[in-house]
Every structure is written in C-alpha cells, then in structure tokens.
1. Under 7 Å between Cβ atoms, which residue pairs at least 6 apart in sequence (or on different chains) link something in the stretch 170-192 that is in contact (Cβ under 8 Å) with a residue 60 or more places away in the chain and on the phi > 0 side of the Ramachandran plot with a partner that is surrounded by fewer than 23 Cβ atoms within 10 Å (Cβ to Cβ) and small (G, A, S)?
2. Restricting to the stretch 269-321, name every residue that is over 28 Å from R58 (Cβ atoms), touching a residue at least 24 places away in the same chain (Cβ under 8 Å) and either among the basic types (K, R) or surrounded by fewer than 19 Cβ atoms within 10 Å (Cβ to Cβ) (or both).
3. Of all residues in the stretch 79-103, which are open to solvent by less than 20 Å² (accessible area, probe 1.4 Å) and in a loop (DSSP other than H, G, I, E, B)?
4. Of the residues that sit in the stretch 350-362 and are open to solvent by less than 60 Å² (accessible area, probe 1.4 Å) and outside any helix (DSSP H, G or I), which one is modelled with the lowest pLDDT?
5. Can you tell me which residues in the stretch 57-77 are in contact with a strand residue (DSSP E or B) (Cβ under 9 Å, 6 or more places away or on another chain) and open to solvent by 10 Å² or more (accessible area, probe 1.4 Å)?
6. Name every residue in the stretch 204-219 that is part of a loop (DSSP other than H, G, I, E, B) and surrounded by 11 or more Cβ atoms within 10 Å (Cβ to Cβ), in order of residue number.
7. Look at L49 and say whether it is in contact with a Cys (Cβ under 7 Å, 6 or more places away or on another chain), part of a helix (DSSP H, G or I), open to solvent by less than 70 Å² (accessible area, probe 1.4 Å) and closer than 23 Å to L334 by Cβ.
8. Where in the stretch 282-349 are the strands (runs of 3 or more DSSP E), entirely inside, with at least 1 residues that are of a type in the set (A, V, I, L, M, F, W, C) and over 16 Å from the mean Cα position of the chain (by Cα)?
Amino acid sequence: MSDDEREERELDLSSSEVVTKYKSAAEILNKALNLVVSECKPKAKIVDLCEKGDAFIREQTGNMYKNVKKKIERGVAFPTCISVNNVVCHYSPLANDESVIEEGDVVKVDMGCHIDGFIATAAHTHVIQEGPVTGRKADVIAATNTAAEVALRLVRPGKKNQDVTEAIQKVAAAYDCKIVEGVLSHQLKQFVIDGNKVVLSVSSPEMRVDDAEFEENEVYAIDILASTGDGKPRMLDEKQTTVYKRAVDKNYHLKMKASRSIFSEINQKFPILPFTARALEEKRARLGLVECVNHDLLQPYPVLHEKRGDFIAHIKFTVLLMPNGSDRITSHPLQELQPTKTIDDPEIKAWLALGTKSKKKGGGKKKKGKKGDKAEGEEPSGAEPMDASTSNGATADS
C-alpha cells in the first residue's frame, strides 16, 4: 500500500477520530437546522434566517478544538439557503434583500457544517401553518421523504448508484410527483463536498454519470428534491445567484482590480468549500464575481425555479456506511402529513421494509447473530408515515 493510499484510508470511517468529527459536525448541524426551522414564521426575513443559521454553526464549531496544537479548520460547509414554494434551491439572498416568508409557504432549508473538513449536510422542508399538511403540499413532502427512506436503505455496500436513481423516481411517481432533474447526491471526503462518486436524480440522454458501487467506510450526502410540476427547473435571474465554490483546478489572470481583490479574499477565506457573497465586501463583490465566474474560477450554485403554483420539497441527509450498517447522522422530524396518495407498490414496500443495519457475520455467537437478524427485519420508522391515514411525518434515523 502506498503512503497516499494509507493516508486516505486513515481519513475514512475506519478511523474512530474521523467518525467522531463527522458526528460532531452533524450534531451541530441538526441543532442549527432545528433553530432555523423554529424561526420560520410569517413575515420573517429570509436573509435574517440565513444569517442565523450560519452564525450558529460558526459559534458552535468555534468552541471546539480550541486547545489543540494543530489548527483545525471548522465552520460552515454550505451556507444556509432558504428556498420557498416554486424556488427549487440555493436561495441565500444579500443583506439588502427584503423577501419574507408568508403563511402557507413551503420552505426548504439547506445547510452544511464541517469539523476539520469532515462535512455533514442536511435539507428539510417545512410548511408555515398549524395542523397537518394536506393536499399536494403533503404529497410532494411525502414523496421526498419516502424516496429518502428508500435511498437510505439502498445506499449500502454492494449496491449500485443506478439502483437508487431508479428507485427514487418510482417513489415520486407513486405520489404523482417528479424527482427534480439535474440534482446529484455526492460522496463526501475531507474538504470535498462534491466527490466523484455520485447518484443521479433522474437519468436522461442529456445527463449521464459513471456507474459506481457503494463501499464500506464511505460517506454520502443523499440529496432529493421532488416537484408537483414537471421537475425541469430553470434559472430566471442570474442576479439571484449568491452561492459559489472555488474551482481549485482553474487559474486565470483577472483583468479588473475589483475581481483580483475579491478573488484574493475568496482564496483567503473560502479556498475550498462553498460560500455566500454576503460574506464578502458586497459593494465590490458583484462586479468581481462576474469576471471570476466568466473565467471558470468559481462554480456558481444557481437559484432555480419551477413554474409558479408548483411546490418543491427537499430532503438531504448525510449517511456513514459503517461496517455494521448505514448510519444516518443528519435529520429533522417532519410535520404531520396527510397526503392524497398511499404506497401500494409491493417493490416500494419491500424497500421500506429493509433494515439499515447489517446482519452479524459468522455463527460463533448465536445470541448476537439473532439480535442482528431482528434488526434487519424490523419495520422501519420511516415506512409507517407513508400511509396517508397514519402519517405523523417522522423520519427514520436508525
């Protein structure tokens, strides 16, 4: 084994220190997500909510590893985005934006946290109302949640990425919804939020990815968006884009002084992970960012839209493929859902009935083996909420 291979292996889940850092980031992120969702109320300004989410993560991570000799990077891995109704994703407005949340809005919160580059991400959908969520809003959230539960059970060693793509599309169709095109679920590695191993949301001739098999000790951000519309979002206004990531493999000598100044600031503050333009000197940021994007120095995360009147739901979670099974480390409980559809398809029911823990290998310790068998056959907590008559919207975190 080469030194590089040995180092990479030491930085995967075979290291207890690495697992601890992933779980510490996830614990902070779950609290941050809970805070932001609790603040999503009528007339709340979206930019204020985004700032609260990022500030909480910075504060909580700043309290960790303060007394170690080696400096450990930590903080926001993906800036807080709050996208409402037919806005699909990546809405994290600038400080002067006056957009607010209204009663009845379908609100999607998306954020990420890291400790030493070990990243936990999550997204959650919440409707601004009292009582159960009904109708098409409930359908699209249930579709996304059910697809997430199925993905959790299929993202396991030995399974292929195309197995997940086909399954989540089938789940969405059962609720008369569409999985949003162009979304990728990525493998996570230290300081890498968009690893090469991916799961494509919707397979099409226009967009293809390499076949891949999931392996033990890998980490994935499973990212699922469903729509009551056609699932083919569009960018309506380039100026709404405020989230970017440095393209570390690209270089170019920028012409404008403002661009060089902003690019220098980005390299200093955000050399690897995504950031929001809000965190830069805003007066000169917009002009400088345009030249950086035009020459591929920055990767933009565009704000996408479905048609007005459509609803989008978003659930994203981080899963560790541990030797004893899949460990979902980020989640937030759903509201009570009363969708108009129920799951009758036997294949989807079979997927939901899968356990997330591995059966014990070998027959030396019968007692432990039986316990493992039971875990594999247990009814998942995510399966019951898919029935419209019994849904309480809870997500499985097994």
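1. From residues that are in contact (Cβ under 8 Å) with a residue 60 or more places away in the chain and on the phi > 0 side of the Ramachandran plot, the pairs are F191/G117.
2. Passing the criteria: H295, D296, K307, R308, G309.
3. S92, P93, I101
4. Of everything passing the filter in the stretch 350-362, S358 is modelled with the lowest pLDDT.
5. R58, Q60, G62, M64, Y65, I72, E73, R74, V76, listed by residue number.
6. Within the stretch 204-219, V209, A212, F214, E215, E216, N217, E218 qualify.
7. Considered against the rule, which asks whether it is in contact with a Cys (Cβ under 7 Å, 6 or more places away or on another chain), part of a helix (DSSP H, G or I), open to solvent by less than 70 Å² (accessible area, probe 1.4 Å) and closer than 23 Å to L334 by Cβ, L49 comes out as yes.
8. Details: elements: 298-301, 312-322, 325-328.
By residue number, 298-301, 312-322.
The values are calculated or read from the model by the stated rules, or taken from the named source; none is laboratory data. Just so it is clear, the structure is predicted and the values come from calculations on it, not from any experiment. A quick note on method: Cβ atoms are made from the backbone with ideal geometry, for glycine too, and the neighbour counts reach across all protein chains shown. The accessibility values were calculated without ligands, DNA or RNA, using every heavy atom of the protein model including side chains. Shrake-Rupley method; radii C 1.70, N 1.55, O 1.52, S 1.80 Å.
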